[in-house]
Structure formats: structure tokens, C-alpha cells
Protein chains: 4
Amino acid sequence: MQFRVDRTGGIPAYVQLAGQVREALRLGWLKPGDRLPTVRDAVAASGVNPNTVLKAYRQLEFEGLVEARQGAGTFVKASLRSVDPEVMTDLRDHLAHWVLRAREAGMNDEGARALLGAVLDDKDTEGER
Amino acid sequence: MQFRVDRTGGIPAYVQLAGQVREALRLGWLKPGDRLPTVRDAVAASGVNPNTVLKAYRQLEFEGLVEARQGAGTFVKASLRSVDPEVMTDLRDHLAHWVLRAREAGMNDEGARALLGAVLDDKDTEGER
Amino acid sequence: MQFRVDRTGGIPAYVQLAGQVREALRLGWLKPGDRLPTVRDAVAASGVNPNTVLKAYRQLEFEGLVEARQGAGTFVKASLRSVDPEVMTDLRDHLAHWVLRAREAGMNDEGARALLGAVLDDKDTEGER
Amino acid sequence: MQFRVDRTGGIPAYVQLAGQVREALRLGWLKPGDRLPTVRDAVAASGVNPNTVLKAYRQLEFEGLVEARQGAGTFVKASLRSVDPEVMTDLRDHLAHWVLRAREAGMNDEGARALLGAVLDDKDTEGER
DNA sequence: GTGGTCTAGACCACA
DNA sequence: GTGGTCTAGACCACG
């Protein structure tokens with residue numbers, strides 16, 4: 001769990017931090033019972049103010065994903081894993097291959113993200129939603 | 001070009017609007033010379049205040065992507081397309097197939113986005129960047 | 001809706017403020033659609049820092065009781081009324097009479113509150129809970 | 001004397017513990033000379049850290065309500081009873097009856113507490129205080 | 001003028 | 001040493 005904050009995009013720092021924790025939960029990097037970085041460590045890693053980290057952690061607490069224990073730290077309460085780890089590995093390999101080809105074709109990261117967004121939205125309409 | 005704004009995520013409305021224009025540019029939905037939605041239309045679609053739309057357009061203008069012409073509207077100046085349209089279609093098809101499989105495995109949209117993010121970051125270190 | 005904060009009891013200011021809003025909702029002093037005092041007014045009335053008021057309002061927002069609208073204010077979303085206003089008036093009259101007698105007997109406010117707490121806890125065990 | 005601590009309301013644990021002792025004193029459940037639960041018992045009942053119990057007892061000692069005797073325990077020094085026991089019983093019966101009616105009308109515990117608070121505040125202005 | 005974000009720093013509650 | 005509360009004040013997003 002390593003935080004990074006980009007202050008150039010207009011996206012609030014605490015939103016970025018909370019999003020990174022959620023991402024780690026989704027990818028299985030964090031499991032229930034794990035302790036999040038201490039506020040102080042997060043501050044050291046991300047360069048923001050302690051209160052900003054606290055705000056991100058409180059937000060996650062509101063969402064029921066983590067739990068702060070006075071004097072002990074902040075701990076993961078729920079998982080966001082949606083997929084079996086083995087299947088996840090397979091999906092990741094295939095996606096990595098796709099990224100390789102996309103990059104060879106000149107597509108940058110933002111383009112890849114935009115394309116995935118379009119495909120996801122598109123599938124929504126094709127699917128049941 | 002259809003705007004939508006989510007006021008629940010903490011991300012500023014004007015950042016979301018500008019991001020959606022950039023995404024459309026990257027995917028080729030908007031090409032140089034195209035006119036952006038009028039402020040009035042954007043307001044109707046997104047429910048925000050006209051000033052907020054104006055701020056987004058001003059931001060894009062500052063980035064050199066669009067150009068406001070007094071009394072005529074706001075027009076696309078530059079493209080963000082990084083890939084040949086045919087290759088893009090091919091990449092999109094493969095990605096759509098991957099998404100299909102991911103969904104069958106139980107992965108949701110946020111999980112897919114998180115996985116792409118992880119792969120992109122990972123390839124960064126493996127690749128040339 | 002008039003805030004007051006007692007800084008001598010160890011109870012966090014934002015907890016007191018949120019509690020007073022909840023109380024007003026329960027007693028019907030605030031109804032859905034009403035606007036809460038602006039942060040600035042609350043600051044003027046309670047003497048705390050604007051951030052403290054914001055924290056109380058955010059807490060209530062999380063509980064689904066109020067809704068903050070950028071640039072417009074904070075508005076009541078849900079009611080906590082549990083009793084018909086007429087019945088409430090009746091209950092209040094009888095309770096006021098009881099308070100009168102309790103005071104004549106030398107009981108102070110804290111004693112009355114403690115006694116109500118004991119009775120409520122007691123009834124729980126007598127009742128169905 | 002049975003302690004319970006709710007860690008979800010933002011109220012410091014030691015404030016809750018001290019408040020419960022005060023309430024017991026007011027209701028006559030604890031009388032001068034009685035021994036408070038040992039720190040060990042209080043810890044077992046409330047789940048907090050021994051230091052937290054000690055802090056609550058120290059607070060009560062500072063208020064002159066209890067007295068710590070080395071190696072023997074902590075003992076009640078003063079009473080907070082404001083009313084003759086018989087009158088208290090009568091008041092309690094009437095209040096219990098009122099609670100019964102309030103509950104039949106659909107009022108919950110928090111509503112009852114809020115109403116009492118409102119009545120007490122109201123009487124303040126009407127009465128002599 | 002409304003609410004919201006962030007900072008720097010003091011102090012508190014708890015283990 | 002952990003998280004939590006509060007302050008004062010700057011600046012931003014939005015209507």
C-alpha cells in the first residue's frame with residue numbers, strides 16, 4: 001500500500017487516497033484484518049496534511065470498508081474482491097497483453113482508460129441494464 | 001456528446017465536464033472543427049450552473065483543445081487521437097471481448113478499471129518509460 | 001434552531017451540534033425541505049470554528065438526514081418525527097406537569113434525565129425487547 | 001453497577017464511564033461508603049483499557065464524589081440524591097406510566113429524551129431559574 | 001455568499 | 001505512538 005497524490009488534476013487529495021485504498025481492496029492487495037498505513041506514514045508517502053489522510057480514512061469508515069481503533073490504527077473491515085484470485089491472474093495476463101498491443105499502436109494510458117470506459121458503458125447497453 | 005455529472009464523488013463538476021470532452025476527443029467522437037454543446041444544452045444535460053460549464057470550457061480553451069468564437073459557440077481545435085481509426089476498432093473489439101469474460105467471472109466495472117490501472121502502472125516499470 | 005455548545009463536559013462540539021439538529025428533527029422543529037442555519041450563522045451562535053460546524057453537518061449528511069447543496073445551503077432531507085403532533089402536545093403537557101412535581105420535590109434537571117434513562121432501560125426489560 | 005461503553009457516538013469512553021457512576025449516585029444505586037467496581041471488573045464489562053477506567057475514576061475523585069484507597073478500591077464519598085426515596089419511587093412510577101403512553105403513541109427512547117430536554121429547557125424560562 | 005478543501009499546529013483520548 | 005478534535009486562516013467550487 002503506497003500512496004501517491006497528484007495535485008494538478010483538480011481532484012481532491014482525500015478522494016485520491018480513498019480511491020487508492022478501494023483499488024487495493026478490489027485487487028486483493030488489502031484483506032480484512034490488515035492495517036492501513038498509519039496516518040503518519042501516509043503523510044510521509046503522499047506529502048499531504050495529516051487531516052487530509054484522516055478525512056480519507058473517515059470516508060472509508062463511513063463506507064464500512066475500514067475501522068479505526070483508537071490508539072491501534074485503522075483496519076480493513078470488508079473486502080471488495082469480486083473475482084477468484086486465479087481467474088483474476090488470467091484476466092490480468094490477457095489485459096496486459098492487450099495493453100502491450102495498444103501501446104505498440106501508439107495509444108497512451110489515458111487513451112486506454114478512455115477506451116475501457118467507452119467499452120464498459122457500451123456493454124451496459126448491450127447487456128441487461 | 002452527452003454530459004453527465006455525479007455530485008456524490010467529491011470530484012468538481014467542471015473537472016468532470018472537461019474530462020468528458022477530453023475523453024470524446026481521445027476516442028474520436030469529437031474532431032477538430034466540431035462544435036461543443038452550447039452552454040445551454042450542457043446545463044440542460046448536466047443540471048449544473050452555466051458558470052460551471054463555462055469554467056470547464058475555459059479550462060479546455062486554456063489547454064489549447066477548443067476555441068470559443070463569440071456568438072458562434074465553442075469549437076474543437078485539436079485532436080487527442082493517438083491511434084489509427086482501424087487499429088482503434090480492432091483494439092476496441094478485443095477489449096470488448098475481454099470485458100465480456102471479466103463480467104462473466106463476476107468482475108464489476110470498478111474492478112475492471114482498477115485492474116487496468118494496475119496493469120498500466122506495472123507495464124510502466126517493465127516497459128521503456 | 002439555535003445552537004449552543006458546552007465545552008466543559010468533554011463531549012465533542014460537533015457531537016453536540018449534530019445532536020441538537022437531530023433533536024429538532026425529532027420534535028418537528030425542522031421539517032424536510034427546511035434549511036439549516038448557514039455555517040456562518042451556526043458559528044456566530046455557538047462560538048466554534050466553521051470547520052467544526054461543517055463536521056457536524058457532514059455527519060448528519062452521512063446519516064441521510066440532511067443534504068448540502070453547493071452554494072445554496074444545507075437542507076433537511078428526512079424527518080425523525082415518530083408521533084402525531086397532537087399526541088405530542090398531549091404527551092408534552094403531561095411531562096411538563098411531571099417535571100413541575102419533580103422540581104417541587106427537589107429534583108434537579110440531571111436527576112430527571114437520569115430517572116428517565118433508568119425508566120426507559122427498565123421498560124425495555126419489561127417490554128418485548 | 002454495570003458499565004457499558006458505546007464507541008460509535010464520538011463521546012469519550014471515560015466521559016461515559018464517569019457519567020454512569022454519577023447517574024447511579026443520583027438514583028441512589030450507589031451510596032456513600034459503597035465500593036465502585038474494581039478497575040479489572042470495569043475493564044471486563046466495558047472492554048476499554050485500564051487506563052481509561054482509571055481516568056474516569058480520577059475525574060470523579062476530582063469532583064469529590066469518590067475516594068481511592070490504596071489497595072482497597074475506590075469508594076463513594078458523596079451522594080447526589082436530591083429527593084427522598086419514597087417521593088422518588090412515586091415520581092418514578094408516574095414517569096413509567098408516562099413512558100408507557102409515549103411508547104404506545106409510537107415515540108422511541110430518543111424522542112422521549114428529546115422531549116424531556118425541551119420541557120426542562122422550557123420550564124427554565126417559565127420557572128424561577 | 002454558500003458550502004468545501006487543505007494546511008499547520010496545538011492538544012486530547014486511548015492502548 | 002495511535003487516531004481524533006479543534007482552531008485559524010487561505011483558497012476553491014458553485015449559484
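Structural remarks
- Among (1) over 17 Å from the mean Cα position of the chain (by Cα); (2) part of a helix (DSSP H, G or I); (3) surrounded by 14 or more Cβ atoms within 10 Å (Cβ to Cβ) - the single one C:VAL21 does not satisfy: (1)
- Being within 29 Å of D:LYS55 (Cβ to Cβ) and part of a helix (DSSP H, G or I) is a property that does not hold for C:VAL5.
- Residue count, region C:60-85 (criterion: open to solvent by 50 Å² or more (accessible area, probe 1.4 Å), farther than 14 Å from C:ALA24 by Cα and either within 16 Å of the chain's Cα centre (by Cα) or more than 16 Å from DNA strand F (Cβ to nearest atom) (or both)): 3
- A:VAL15 vs. criteria of a type in the set (Val, Ile, Thr) and within 14 Å of chain B (Cβ to nearest Cβ): yes
- Only listed residue being open to solvent by less than 40 Å² (accessible area, probe 1.4 Å) and part of a loop (DSSP other than H, G, I, E, B), chosen from C:MET88, C:MET107: C:MET107
- As a summary of the residue check, A:ALA44 satisfies the conditions (1) small (Gly, Ala, Ser); (2) in a helix (DSSP H, G or I); (3) more than 9 Å from chain B (Cβ to nearest Cβ); (4) open to solvent by less than 50 Å² (accessible area, probe 1.4 Å) except for the one numbered (4).
- Within region B:91-104, being out of contact with any Lys or Arg (no Cβ under 9 Å at 6 or more places or on another chain) and open to solvent by 30 Å² or more (accessible area, probe 1.4 Å) holds for B:ARG92, B:ASP93, B:HIS97, B:ARG101, B:GLU104.
- Count - residues of region B:47-59 that are assigned to a loop (DSSP other than H, G, I, E, B) and under 17 Å from the mean Cα position of the chain (by Cα): 0
- Criterion (within 16 Å of DNA strand E (Cβ to nearest atom), of a type in the set (Asp, Glu) and under 20 Å from C:PRO12 (Cα atoms)) met by exactly one of D:ASP6, D:ASP41: D:ASP6
- Residue within region C:26-36 that is small (Gly, Ala, Ser), within 16 Å of DNA strand F (Cβ to nearest atom) and open to solvent by less than 40 Å² (accessible area, probe 1.4 Å) present: no
The values are calculated or read from the model by the stated rules, or taken from the named source; none is laboratory data. Just so it is clear, the model here is predicted, and its values are computed rather than measured. Methodologically, a virtual Cβ is constructed for each residue, glycine included, from the backbone with ideal geometry; neighbour enumeration extends over all protein chains shown. Keep in mind that these areas ignore ligands, DNA and RNA; they rest on the heavy atoms of the full protein, side chains included. Shrake-Rupley method; radii C 1.70, N 1.55, O 1.52, S 1.80 Å.
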